[in-house]
1. In what sequence, largest accessible area first, do B:E335, A:E154 appear using a 1.4 Å probe?
2. At a Cα cut-off below 16 Å, give the lysines reachable from B:K260, other chains included and same-chain residues fewer than 8 away excluded.
3. Accessible area per residue for the stretch B:233-285 in Å², computed with a 1.4 Å probe and the full protein assembly in place, what is it?
4. With a 1.4 Å probe on protein heavy atoms only, tell me which residues of the stretch B:177-200 lose at least 10 Å² of accessible surface in the complex relative to the chain by itself.
5. Regarding the protein assembly as shown, what is the average projected area of its C-alpha convex hull, in nm²?
6. Could you please put A:E70, B:E146 in sequence from largest to smallest accessible area, using a 1.4 Å probe?
7. Build a GNM of chain B with springs between Cα atoms under 10 Å: which of B:N201, B:N66, B:N78 gets the top mean-square fluctuation?
8. Under a GNM of chain A (C-alpha, springs under 10 Å), which listed residue has the highest mean-square fluctuation: A:G259, A:G171, A:G37?
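The values are calculated or read from the model by the stated rules, or taken from the named source; none is laboratory data. None of the values given here were measured: they were computed from a predicted structure. Quick reminder, even Gly has a Cβ in these numbers, built from the backbone with ideal geometry, and neighbours come from all protein chains shown. Just so you know, the surface numbers come from the protein's heavy atoms only, side chains and all, with ligands and any DNA or RNA stripped out. Shrake-Rupley method; radii C 1.70, N 1.55, O 1.52, S 1.80 Å.
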Protein chains: 2
Amino acid sequence: MPDSRLGHQSIAFPHSPAILAAACVSGPKEGRGPVGGQIDMVAEDALYHQESYEKAEHALFLAACNRCLEKAGMQKENIRAMLGGDLLNQIMASSLSARDLAIPFLGLYGACSTMAESLLLGAVLADGGYADPVLCAAGSHYATAERQYRFPLEYGNQRTPAAQWTVTGAGACMVGVGKGMARITHGTLGRVTDMGIKDANNMGAVMAPAAADTLLFHFQDTGRSPADYDQIITGDLGLVGSRLLCELMTEKGIPLPEGKHMDCGLSIFDPKDDTHAGGSGCGCSAILLCAHILPKIMRGEWKRVLFMATGALLSTTTAQQGETIPGVAHALVLEGGK
Amino acid sequence: MPDSRLGHQSIAFPHSPAILAAACVSGPKEGRGPVGGQIDMVAEDALYHQESYEKAEHALFLAACNRCLEKAGMQKENIRAMLGGDLLNQIMASSLSARDLAIPFLGLYGACSTMAESLLLGAVLADGGYADPVLCAAGSHYATAERQYRFPLEYGNQRTPAAQWTVTGAGACMVGVGKGMARITHGTLGRVTDMGIKDANNMGAVMAPAAADTLLFHFQDTGRSPADYDQIITGDLGLVGSRLLCELMTEKGIPLPEGKHMDCGLSIFDPKDDTHAGGSGCGCSAILLCAHILPKIMRGEWKRVLFMATGALLSTTTAQQGETIPGVAHALVLEGGK
């Protein structure tokens, strides 16, 4: 019997499956951001030739998957499984894209942690030879997320200082055993945490405790410390959540050294665009991963990074029940070379 | 490198992980049904001591998980991962239960196919030694599903003849390598199909083509036929979907022999309760699996069955976009003995 369990909630992948290819697409605001030049396709506007933002979200998700297939030089008929999710109710952008691609589909919901969740399960499927290659994807859309979780944009609502801007776009990675952009060597599954936050405009405060929880388990399970990583990358904690994570880690005795922590939510938009606390959404870490992190690993600038996407499990369904907003975070170790 | 791929979209599990324990809970209507006597806990009413149906759905989901832990004789601290989903927006019944249990959580969305999706991924995690034991769960609630997908019950809407009754309840299985109630020997991942159905009251017609698609791939991939199974069990096709599946399979040249096909949706309610086309919801196949199918395998009455949960990827989000309703189905081979 194989045993790839490591510590309490981590996995060490014996065959280190690779991210064989990666692609991402976005809206114009993301295209103007610091990594805009590395995004495979930047849409002219957030409607992306569609009649509605929801349809645009589906079209962008599909475009990222198709572009990833192209870059991997693979036919969709040869992909064994697709794992993905998004923020629309019943993950419809992913489900409709899976319908269009006709690849066997395992739908996921991990809010903004979805890119890491899909890569984690994709790595398990490929590493064990259960399904290889596997397409892992995640996406989001600013206008649909605002409409569904907060207020339609047409209301012209004032945004609070802690508010984050949901990223419009999607990212897709092809995972399989072989030579690729980066190897997935470890994973740490996250628990659902809840610190009693009820403010739908403060996702950073929801996600920071989940990020700290997963990070602490990761270091404990692997026997590693921040010194073992070139960069510890969080999904979309934004300004508020990033500060909170650093405080929490310092409190726990494992401070994140200056310059070692990067947050995708703080790296995707041009500061001139004033998105308040930064970017968020499944597409945020997905785009940063494909456009920035993986290329840096490929070029050898980073040898080993911890990629941890964070999700706020926000839902109007539970808000209406007076429930608080739980958070979750899943982490992956990405390494260069082979 | 291990290779457990079989045919085009199937998996053969080399270590045949077992369902170590299973538990289910339900509302009173399910308790009056043919398998009611085998349900671990039947709630007195659909509110289950809660203030709202949504809270009841969460409480029932959690109760099924806790009962499964008890029956497995395991502590939640020793469970490596929980995989689950439900029909509430953002799968909140599962997410909140995962928060309460503090088990690392991988959220899934496969509509009513979720029980099979969670067992499939749970079997992969356990078989490959990535996570073992793993808790796999799914649930639903009639009142929350009607409110969210159709009309609140208070409107007193007339139900159409093709309408199915969403099951109130949840099921949970502990999966791991070892001796248990049944072994999971194979799995077939399903593609998302779409035959253009737009009627939210005809889920059977949405799911039957997905069921046929997965079934055909399963037989092709494994080289098996219906004769190799004591029973071919579908999730919640109901009366309309079951007839359609039989027609589709006959058309494709692999008719399902009389008495070989059983549908959970047609087996959960007392016919006197007149649920029209039968039961549906994630809880439907989850309860039948735990209360009826696994005990029958344990007693040796069935040696080998194909358990295929079917999902209609219905969403008001896409209905508002004029989209049709796609379907999906995932299948597992369950065998007795060890």
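1. Accessible-area ranking of B:E335, A:E154, largest first: A:E154, B:E335.
2. Hits, sequence-local ones excluded: B:K296, B:K303.
3. So the stretch B:233-285 comes to 42 Å² accessible per residue, rounded to a whole number.
4. When all protein chains are present, B:V177, B:L189, B:G190, B:R191, B:V192, B:D194 each give up 10 Å² or more of accessible surface.
5. That works out to 26.1 nm².
6. So, going from the largest accessible area down, we get A:E70, B:E146.
7. B:N78
8. Highest fluctuation of the listed residues: A:G259.
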